[in-house]
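The values are calculated or read from the model by the stated rules, or taken from the named source; none is laboratory data. Please read these numbers as outputs of a predicted model, since none were measured by experiment. Note that each Cβ is placed from the backbone with ideal geometry, even for glycine, and that neighbours are counted across all protein chains shown.
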Amino acid sequence: MSTSPYARVLFVGPDLARGSFAELFQRELSALRGAAALADIVDTTEGYAGLWQRVRDCIAAGELPLLLVDLDPNASSPYLDWLRSELQAIGEGVADRLFVASSDAGQLDAVCALIEQPERHLGCVEVPALPAAHAWSCIPQHHYRVLLCNGPRCIRRGALPLWKTLRERLKAAGRLECEGGVHLTRTQCQFPCDQGPTLSVYPAGTWYRVSSEDDVQRLVQEQFVEGREVVELIMRQM
Ligand code: FES
């Protein structure tokens, strides 16, 4: 039986309304919390205006305390600080009844358990101030811009787990999102699908096919640590 003290729980994040992940998420959420919970999903793929309005509506309807379960896979501490400070401003006068929790949409059992664990919820008063000049204000000193295709054909060829592995390996090598390191972005189709999974590296503009964890490891070590092209992985002009 739920012991949640909340009058309303919103499930907030990108890709929760449409697509295969959304379909699975909605199916599981309905099974775990009932079909009515589907009305509490707020998709942020197109931005946050819809969320702010939904929060205002909850406040106006007296649906407090309100918990936002943030399911953004890229959530970070500055992001959560920002989210809480926005809620603090929207909820002036009732901000002490607004709360945020962060979780992974793919672990819905854990998400539902988290709702019952207030010790893991963050309030929206006394939110750490955002620094006047933080990383979002500056052009980063990354040396490489790397575009990993997550288009439909590259995904079928295994691009999604490669993205995770690539991030982990870059981080372990001290090359992820740091001065002289790599800024990694997932993209839609980059066009040479038949040679994918496609990964392009700038500023050189080198096109790679990266199809295994061994390829990822070579790329990280040879291209991003030692600074030389991995000739065997470069795509051919067809
Ligand atoms: S789907 Fe990746 S290059 Fe087309």
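Within the stretch 181-229, restricting attention to residues that are of a type in the set (A, V, I, L, M) and in contact with a Phe, Trp or Tyr (Cβ under 7 Å, 6 or more places away or on another chain), which residue is farthest from the ligand (Cβ to nearest atom)?
From the stretch 181-229, those of a type in the set (A, V, I, L, M) are 182, 184, 199, 201, 204, 210, 216, 219-220, 225; that's our starting set.
Filter once more, keeping what is in contact with a Phe, Trp or Tyr (Cβ under 7 Å, 6 or more places away or on another chain): 182, 199, 201, 219.
Numbers: Val182: 19, Leu199: 9, Val201: 14, Leu219: 16 Å.
So, considering only residues that are of a type in the set (A, V, I, L, M) and in contact with a Phe, Trp or Tyr (Cβ under 7 Å, 6 or more places away or on another chain), the one farthest from the ligand (Cβ to nearest atom) is Val182.
Residue count for the stretch 53-92 satisfying the condition of being loosely packed, with under 15 Cβ neighbours inside 10 Å, at pLDDT 95 or above and not aliphatic (A, V, I, L, M): 4. Within the stretch 165-177, if we keep just the residues that are more than 19 Å from the chain's Cα centre (by Cα), surrounded by fewer than 19 Cβ atoms within 10 Å (Cβ to Cβ) and part of a loop (DSSP other than H, G, I, E, B), the residue that is farthest from the ligand (Cβ to nearest atom) turns out to be Gly174.
Among the residues of the stretch 147-164, are any of a type outside the set (Val, Ile, Thr), away from the ligand (no atom under 16 Å from the Cβ) and within 19 Å of the chain's Cα centre (by Cα)? Spell out how you get there, then give the answer.
At the first step, the residues of the stretch 147-164 found to be of a type outside the set (Val, Ile, Thr) are 147-154, 156-164.
Okay, now just the ones that are also away from the ligand (no atom under 16 Å from the Cβ), so 164.
From what is left, the residues that are within 19 Å of the chain's Cα centre (by Cα) are 164.
Checking the stretch 147-164: at least one residue is of a type outside the set (Val, Ile, Thr), away from the ligand (no atom under 16 Å from the Cβ) and within 19 Å of the chain's Cα centre (by Cα).
Among the residues of the stretch 193-210, the ones that are buried (at least 16 other Cβ atoms within 10 Å of the Cβ) and either in contact with a Lys or Arg (Cβ under 8 Å, 6 or more places away or on another chain) or in a helix (DSSP H, G or I) (or both) come to 7 in all. Whenever a residue of the stretch 188-211 is assigned by TED's automatic domain parsing to the domain that holds Leu160, its partners that are near the ligand (Cβ under 7 Å from one of its atoms) and of a type in the set (D, E, K, R), lying with C-beta atoms within less than 8 angstrom and at least six residues away or across chains, give the pairs Cys189/Arg153; Cys193/Arg153; Asp194/Arg153; Gly196/Arg153.
A quick yes/no check of all residues on (1) closer than 18 Å to Leu29 by Cα; (2) within 15 Å of the chain's Cα centre (by Cα); (3) not polar (S, T, N, Q):
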| position | (1), (2), (3) |
| --- | --- |
| Glu46 | no, yes, yes |
| Ala49 | no, no, yes |
| Gln53 | no, no, no |
| Arg56 | no, no, yes |
| Ala60 | no, no, yes |
| Glu63 | no, no, yes |
| Leu67 | yes, no, yes |
| Leu71 | yes, yes, yes |
| Leu80 | no, yes, yes |
